[in-house]
There are 2 protein chains.
Amino acid sequence: MLTKEALKNIFPDWEDGLYEAILKEAELKEAKAGTTMLKMGQNIKSAMLVVEGTVKLYQEDEDGGEYFMYHLNPGEACAVTLVCNYHHEQSQVLAKAVTDIQYLAIPIEFMEKWLNEFKSWHYFVIRTYRSRYEELLKTIHETAFKNMDERLEFYIKRHVKQFGKTINLTHQEIANDLNTSREVVSRLLKKMEHNGWIIMNRNAFEWMK
Amino acid sequence: MLTKEALKNIFPDWEDGLYEAILKEAELKEAKAGTTMLKMGQNIKSAMLVVEGTVKLYQEDEDGGEYFMYHLNPGEACAVTLVCNYHHEQSQVLAKAVTDIQYLAIPIEFMEKWLNEFKSWHYFVIRTYRSRYEELLKTIHETAFKNMDERLEFYIKRHVKQFGKTINLTHQEIANDLNTSREVVSRLLKKMEHNGWIIMNRNAFEWMK
DNA sequence: TGTATTGAGTGATATTTATCACAATGGCGT
DNA sequence: ACGCCATTGTGATAAATATCACTCAATACA
C-alpha cells in the first residue's frame, strides 16, 4: 500500500487534502512490462499517474503502425486521461509499459471535482499538459524536418537519456517505433558502427558518441 | 476599444472579474495579414489571445523550414504563451497572421497571478492546452504515417474547413507549409485535378470533393 | 547436441520525394 | 499593347526510403 510520505516523494507540491483524496479514491494498479495500458479508441475510465516504471506513448495508425512520441516516468501522468469531462471520451494515444509499472488509476468522475477542490491538482494538470505539449513539438520537429538517420540518432539519444548507454532493443522494435522498416534501421546502425558511434551486439548495442 | 460585452461573446464562460482584469491589463493589438507575430527562440513577454482573424502556428527548422501545425481562431489562445512562469522563456513555435488580426496581449506577469485568482482563467488555460495537444496529435499522425498525397489532401481539407472551398494559396505556399517542394505540390494537385477533386485557377483552386 | 527460431546483413529493385533546368502561361503596371 | 515577373507545368535525374528475397549467425530448447 502507498503511504502519504511515498506519494509526497513522487508527486511533490501537492496540498495535503489531495494526497488524502488520492489515497482514498485512487487504485494502485500494476502492469507487466510489454503490456498495452491504453489503446487508441478505447473509452477512458480513469486517469493514469505513473508511480513506478516507464511508459511509452504512441500515436497509432489505422493499419497497425505505431509511432513513438515520448516516455512517461514516475511522477508524470498521461495528459489525455486527465481532462475527460464528458463520458465516453476516447483515447487518442497508445500507452505501453516498457518496464513493470505501478500506477494510480483515478476514476474520471473525480477529475472535474478535484479541479475545483485542489489548486495543486489544477497546477499539476497544467504542468502535465505543458510538458507533454513540448514533447510533441520535439517529435514533430524530428518527423517533419529530419531524414531517417537523424531521426534514428534522436531516438537513440532519448533512449540513452532514459535507460543509459546500453540499448536493449532489436532493430525491428526500433523500426516499429520510428514507423520504418527493419532493413533501414539495420543499415543505418551499421553506418553508425562504422563511424564509431555505437558498438553492436546481438539484441543490444552501446552508444559511444 | 473592446467592451465587456464584446469580450463575453468571444470568450464565454469567464467570470466577471476576469473580464475586468483583461480590460484593465491587456493591450488590444493589431497585426497585418502576413506578419510574423511570434518567432521561434523569441522571448515571450505576453500571452496572446486571438480576438479577430486567423493565426497559423508553425514549427520552425534551424535552416528556414516551416511546418504548419494548426490554426488559431477568435476565442483561442497561443498555448505556449499562457504558462511562462519563468522569465526569458523562449517560444518553441512560430505564429503568423493569415488575415488582419486583433489580439489581446497580456504581460506574462499576470499569468501566475490570474491562475490563482480566477478559476475560469485556470479552466481556459487547461482547455487551451488540451485542444492544442489534440491538434498536435493529428499533425503527428499525418506526418508520421501518410505520404505526401494524403498529407496534401488533409492540408486542403483543413484549409477548406477554415476558409471555405476556394483555396487562395500558391503551390509554393502550400509546399512551404508541408515542408516539401513546389514541384511536388504542383504534380499532386494536377493529379487531383484529373481525378476531379479540384478545379484549378491561377493563384487559387476550388475543392470539389 | 542437433534443430528450430529469432535477429541481423545485404543485394536487387521499386517507390516516393527532392532537385535541377527550363518552358509556358497569365496578370499587372506603364 | 508590351514587357516583366510571379506562377505553374514538366521532363530528367538524384536521393531517400520501402520492399522483396535471401543468407548467415546466435541462442533457445527439445
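The values are calculated or read from the model by the stated rules, or taken from the named source; none is laboratory data. Since the model is a prediction, treat every value here as computed from it, not as a measurement. Positions of Cβ are backbone-derived with ideal geometry, glycine not excepted, and every protein chain shown enters the neighbour counts. Protein only, heavy atoms only, side chains kept; ligands, DNA and RNA dropped before computing areas. Shrake-Rupley method; radii C 1.70, N 1.55, O 1.52, S 1.80 Å.
Residues of the range B:58-99 that are over 13 Å from residue B:48 (Cα atoms), open to solvent by 40 Å² or more (accessible area, probe 1.4 Å) and within 13 Å of the chain's Cα centre (by Cα): B:98, B:99. Under the condition of being without any contact (Cβ under 8 Å) to a residue 40 or more places away in the chain and more than 14 Å from chain A (Cβ to nearest Cβ), the residues counted in the range B:80-93 number 1. For the range A:138-148, the criterion of being closer than 22 Å to residue B:134 by Cβ, in contact with a helix residue (DSSP H, G or I) (Cβ under 8 Å, 6 or more places away or on another chain) and more than 16 Å from DNA strand C (Cβ to nearest atom) is satisfied by at least one residue. For residue B:10, the criteria (1) touching a Phe, Trp or Tyr at 6+ places or on another chain (Cβ under 9 Å); (2) over 28 Å from residue B:172 (Cα atoms) hold in every case but one, which is (1).
Whenever a residue of the range A:51-79 is assigned by TED's automatic domain parsing to the domain that holds residue A:134, its partners that are surrounded by fewer than 17 Cβ atoms within 10 Å (Cβ to Cβ) and among the hydroxyl-bearing types (Ser, Thr, Tyr), lying with C-beta atoms within less than 6 angstrom and at least six residues away or across chains, give the pairs A:53/A:99; A:54/A:99. From the residues in the range A:100-115 that are among the β-branched types (Val, Ile, Thr) and at pLDDT 95 or above, which one is surrounded by the most Cβ atoms within 10 Å (Cβ to Cβ)? In this case the residue turns out to be A:101. Of all residues in the range B:160-186, none satisfies the criterion of being among the basic types (Lys, Arg), surrounded by fewer than 13 Cβ atoms within 10 Å (Cβ to Cβ) and within 15 Å of DNA strand C (Cβ to nearest atom). The set of residues from the range A:34-57 being under 30 Å from residue A:113 (Cβ atoms) and open to solvent by 50 Å² or more (accessible area, probe 1.4 Å) comprises A:35, A:36, A:39, A:40, A:42, A:43, A:45, A:52. In the range A:144-159, the residues that are open to solvent by 40 Å² or more (accessible area, probe 1.4 Å) form Cβ pairs under 9 Å with partners that are modelled with pLDDT under 95 and not acidic (Asp, Glu), at six or more places apart or across chains, as follows: A:157/A:209. Residue pairs whose Cβ atoms lie under 6 Å apart, separated by 6 or more positions or on different chains, with the first residue in the range A:176-205 and free of Cβ contacts under 8 Å to residues at least 40 places away in the same chain and the second near DNA strand C (Cβ under 10 Å from one of its atoms) and open to solvent by 70 Å² or more (accessible area, probe 1.4 Å), are A:182/A:172; A:204/A:168.
Each row is one residue, and each column tells you yes or no for (1) among the polar types (S, T, N, Q); (2) more than 15 Å from DNA strand D (Cβ to nearest atom); (3) over 23 Å from residue A:94 (Cα atoms).
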| position | (1), (2), (3) |
| --- | --- |
| A:123 | no, yes, yes |
| A:127 | no, yes, no |
| A:136 | no, yes, no |
| A:170 | yes, no, no |
| A:183 | no, no, yes |
| A:199 | no, no, yes |
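For the range A:126-139, a residue qualifies if it is closer than 17 Å to residue B:113 by Cα and of a type in the set (A, V, I, L, M, F, W, C), and exactly one does: A:126. Restricted to the range A:94-209, the set of strands (runs of 3 or more DSSP E) holding at least 2 residues that are closer than 30 Å to residue B:122 by Cβ, more than 14 Å from chain B (Cβ to nearest Cβ) and of a type in the set (Ser, Thr, Tyr) is empty. Across the range A:121-135, not a single residue is classified as open to solvent by less than 30 Å² (accessible area, probe 1.4 Å) and near DNA strand C (Cβ under 10 Å from one of its atoms).
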